[in-house]
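Single-structure report; data block below.
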Amino acid sequence: TPGIRPLVAGNWKMNGTEASLGEIHGIRNGFMSGLDAEVDALLCLPATLITRAASIFSGSPVAVGGQDCHAKASGAHTGDIAAEMLHDAGARYVIVGHSERRTDHGEKDSDVHGKAEAAWRGGLTAIICVGETDAERRANATPDVLTRQIGGSLPRAAVASTTVIAYEPVWAIGTGLTPTAEDVKRAHAHLRAELVRLIGEEGNKVRILYGGSVKPSNAVELLGVENVDGALVGGASLKASDFLGIAEAY
Ligand code: PEP
């Protein structure tokens, strides 16, 4: 989108230990040697790696993010993590409402709304994920699903500097399947229109990422689509060479 700097974001999901730090160094080195001119870069990591990655990426253009946060700042919530804690560890972004959270943990749009506000309160940019399932796609319900999800998940105080939307068709995540460029264009145009309806002109500045089986070989096509302002990359972000290959699409 004209005037929007693209964001290439990785999502390591529940992957990564000390042994993966080499890939993080590789990503850092790639972005240090010129790639940063065209894109912003981000790696969303398991909480256990955030501090180590933030130190490796320090002085580089790559930011670190978490993959979920609790709606509250602290308290009796065993196993959960607050946005404030992610920020303290060195994160500047957090994914909220990823389809795996919606499926595995029953998160609803109203939960995602609370987590996005929590992200801002903790000083983080929220990456709010939306996307239809295969059954919804087959029922031609994609626009309705996106309208419902963004309407329920996006706090109306959203501004472009602290809010990113990720369109992730559930059936395309981790499957190797991708929508056609025409389908992506239609979904992103729909989300753009919804953003403007919900938050006004500011909605034209919010980044809308595409996510779902992005890899170096399809990045040029998918990231070249109108209203696609970057990528959220799962599997292919685990290897520095693949992640850098995607960023090179810009
Ligand atoms: C994701 O889960 O955010 C994702 C896009 O995964 P993958 O790239 O592996 O499909």
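Laboratory data are not the source of any read-out in this text; all were calculated from the coordinates shown. None of the values given here were measured: they were computed from a predicted structure. Neighbour counts are summed over all protein chains in view; Cβ atoms, including those assigned to glycine, are modelled from backbone coordinates with ideal geometry.
For (1) more than 13 Å from the chain's Cα centre (by Cα); (2) more than 13 Å from the ligand (Cβ to nearest atom), each residue gets a yes or a no:
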| residue | (1), (2) |
| --- | --- |
| TYR210 | no, no |
| VAL214 | no, no |
| ALA219 | yes, no |
| GLY224 | yes, yes |
| ASN227 | yes, yes |
| LYS239 | yes, no |
| ILE246 | yes, no |
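Right, SER99: surrounded by fewer than 18 Cβ atoms within 10 Å (Cβ to Cβ) and polar (S, T, N, Q) or not?
no
Can you tell me which residue within the stretch 228-250, out of those that are in a loop (DSSP other than H, G, I, E, B) and in contact with a strand residue (DSSP E or B) (Cβ under 6 Å, 6 or more places away or on another chain), is farthest from HIS188 (Cα to Cα)? Write out each step before concluding.
Step one: filter the stretch 228-250 for residues in a loop (DSSP other than H, G, I, E, B), giving 228-229, 234, 238-239, 248-250.
Next, from what is left, pick out any that are in contact with a strand residue (DSSP E or B) (Cβ under 6 Å, 6 or more places away or on another chain): 228-229, 234.
Working: VAL228: 7, ASP229: 10, GLY234: 19 Å.
Among those residues, the one meeting the criterion is GLY234.
Please list, ordered by first then second residue, the pairs with beta carbon atoms under 6 Å, 6 or more apart or interchain, first in the stretch 211-225 and touching a residue at least 12 places away in the same chain (Cβ under 8 Å), second away from the ligand (no atom under 11 Å from the Cβ) and among the small types (Gly, Ala, Ser).
Between residues of the stretch 211-225 that are touching a residue at least 12 places away in the same chain (Cβ under 8 Å) and residues that are away from the ligand (no atom under 11 Å from the Cβ) and among the small types (Gly, Ala, Ser), the close pairs are PRO216/GLY245; ALA219/ALA249; VAL220/ALA249; GLU221/ALA181; LEU223/ALA249; VAL225/ALA181.
Looking only at residues in the stretch 61-84 that are assigned to a loop (DSSP other than H, G, I, E, B) and closer than 20 Å to GLY16 by Cβ, which one is nearest to the chain's Cα centre (by Cα)?
For the stretch 61-84, the residue satisfying everything is GLN67.
Looking at the stretch 23-58, which of its residues are of a type outside the set (A, V, I, L, M, F, W, C), within 14 Å of LEU244 (Cβ to Cβ) and assigned to a helix (DSSP H, G or I)?
The answer is GLU23, HIS25, GLY26, ARG28, ASN29, GLY30, ASP36.
Considering the stretch 74-91 alone, what residues qualify as being under 15 Å from ALA126 (Cβ atoms) and in contact (Cβ under 8 Å) with a residue 40 or more places away in the chain?
ALA82, ALA83, ALA91
Check LEU21, LEU45 and return the single one that is crowded, with 21+ Cβ neighbours inside 10 Å and either more than 24 Å from CYS129 (Cβ to Cβ) or within 16 Å of the ligand (Cβ to nearest atom) (or both). Can you show your working first?
Numbers: LEU21 fails: crowded, with 21+ Cβ neighbours inside 10 Å.
Selected residue: LEU45, the only one of LEU21, LEU45 that is crowded, with 21+ Cβ neighbours inside 10 Å and either more than 24 Å from CYS129 (Cβ to Cβ) or within 16 Å of the ligand (Cβ to nearest atom) (or both).
Has the stretch 116-131 got any residue that is within 16 Å of the ligand (Cβ to nearest atom), over 22 Å from GLY3 (Cβ atoms), under 18 Å from the mean Cα position of the chain (by Cα) and among the aromatic types (Phe, Trp, Tyr)?
No, because not a single residue in the stretch 116-131 is within 16 Å of the ligand (Cβ to nearest atom), over 22 Å from GLY3 (Cβ atoms), under 18 Å from the mean Cα position of the chain (by Cα) and among the aromatic types (Phe, Trp, Tyr).
Identify, from the list PRO155, PRO179, the residue that is in contact with an Asp or Glu (Cβ under 6 Å, 6 or more places away or on another chain) and part of a loop (DSSP other than H, G, I, E, B).
PRO155
Go through the stretch 164-176 residue by residue and tally those that are part of a helix (DSSP H, G or I) and either without any contact (Cβ under 8 Å) to a residue 12 or more places away in the chain or aromatic (Phe, Trp, Tyr) (or both).
1
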